[in-house]
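Asks: So that we are looking at the same thing, I have put the structure below in structure tokens.
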């Protein structure tokens with residue numbers, strides 16, 4: 001994000017950018033001095049042709065433009081009369097259903113008589129068995145590293161010991177992200193594009209997936225340099241955090 005800002009891809013900075021800092025960030029890459037959107041080619045005619053009769057209004061064309069996969073699926077289901085809310089599955093019969101467990105994101109901590117207000121803002125990719133969490137402590141941004149040494153199930157019971165089987169993320173058929181080279185999504189979303197195949201060579205930071213989440217498409221980078229061992233997702237799949245979407249060794 002900072003690199004794109006220094007390149008001028010978010011528009012002109014409100015003040016003069018230090019050229020030494022800019023060179024450290026972007027090197028010899030081009031600096032955009034005009035309005036970035038002026039460099040885009042007109043796309044509406046192409047988008048109208050692609051979506052065809054599925055679009056009944058300009059808003060439908062814009063929906064397709066922003067979300068090519070999900071938007072087209074929505075328009076197709078609407079056109080076929082099959083558009084309906086996601087099915088609510090009934091509770092298992094004869095089984096007690098546990099109350100949902102919630103992880104706190106905004107709370108107070110009291111230590112040695114001092115109370116601190118903690119707010120969890122997000123989390124990053126796991127590296128060397130540690131995962132960074134971005135929090136604020138009394139309004140001051142901090143980054144903490146968490147290394148999991150033991151786990152507890154949502155019911156409060158200790159998690160069962162491993163039996164040699166590959167751990168699986170809860171509610172998923174995909175393996176759980178347990179290694180540095182396992183690529184994960186920081187939030188639930190939908191796979192828009194798969195940019196690598198097994199056997200591909202990648203460098204740390206190379207984009208391997210595009211995930212749509214919270215109405216935004218985000219590139220998911222490789223955490224390490226290596227070879228793609230497995231790709232556990234396909235275009236259109238729904239994914240959750242802590243799943244190993246791509247495995248790199």
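Asks: Suppose R0 equals 41 Å; then what is the FRET efficiency for residue 146 and residue 43 from their Cβ-Cβ distance, rounded to the nearest 0.05? Intermediate results must be reported in sequence, preceding the final value.
Replies: Values: r = 43 Å, r/R0 = 1.05.
For R0 = 41 Å, the calculated efficiency reads 0.45.
Asks: Under a crude label model (7 Å from the Cα following the beta-carbon direction), how far is residue 115 from residue 21 in nanometres?
Replies: Computed distance between label sites residue 115 and residue 21 equals 3.8 nm.
Asks: Tell me, 110, 227, 184 in order of fewest to most beta-carbon neighbours within 10 Å? Could you put the intermediate results ahead of the total?
Replies: Numbers: 110 8, 227 14, 184 25.
The fewest-first ordering by Cβ neighbours comes to 110, 227, 184.
Asks: Work out how much length residue 237 to residue 173 would gain on full extension: take 0.36 nm times their residue separation and subtract the Cα-Cα distance, in nm to one decimal.
Replies: Working: separation 64, 0.36 × 64 = 23.04 nm, distance 1.20 nm.
Computed gain between residue 237 and residue 173 is 21.8 nm.
Asks: Mean shadow of segment 169-249, computed from the convex hull of its alpha carbons, in nm²? Walk me through the numbers on the way to the answer.
Replies: On the way: hull surface 18.0 nm².
Averaged projected hull area, Cα only: 4.5 nm².
Asks: Fewest first, what order do 217, 58, 114, 212 take by the number of other Cβ atoms within 10 Å? Don't skip to the end; give the middle numbers.
Replies: On the way: 217 16, 58 10, 114 7, 212 19.
With the sparsest Cβ surroundings first, the list reads 114, 58, 217, 212.
Asks: Using Cβ contacts closer than 10 Å as the measure, can you line up 45, 112, 125, 117 from fewest to most? All intermediate terms of the calculation are to be shown ahead of the outcome.
Replies: Working: 45 8, 112 4, 125 18, 117 12.
In increasing order of surrounding Cβ atoms, one gets 112, 45, 117, 125.
Asks: For an R0 of 22 angstrom, estimate the FRET efficiency from the Cβ-Cβ distance between residue 219 and residue 28 and round to the nearest 0.05.
Replies: 0.45
Asks: Hey, how many Å between the Cα centroid of segment 129-151 and the Cα centroid of segment 168-239?
Replies: 22 Å
Asks: Would you kindly calculate the translational diffusion coefficient of segment 2-80, applying Stokes-Einstein with the Kirkwood radius from alpha carbon pairs, for 10 °C and a viscosity of 1.306 mPa s, and quote it in µm² s⁻¹ without decimals? It would help to have the intermediate numbers written out before the result.
Replies: On the way: Rh = 15.3 Å.
Estimated diffusion coefficient is 104 µm²/s.
Quick note: the coordinates plus some simple rules give every number you see, no bench work behind them. Since we're looking at a predicted model, the values are computed, not measured. Virtual Cβ from ideal backbone geometry, glycine too; neighbours counted across all protein chains shown.
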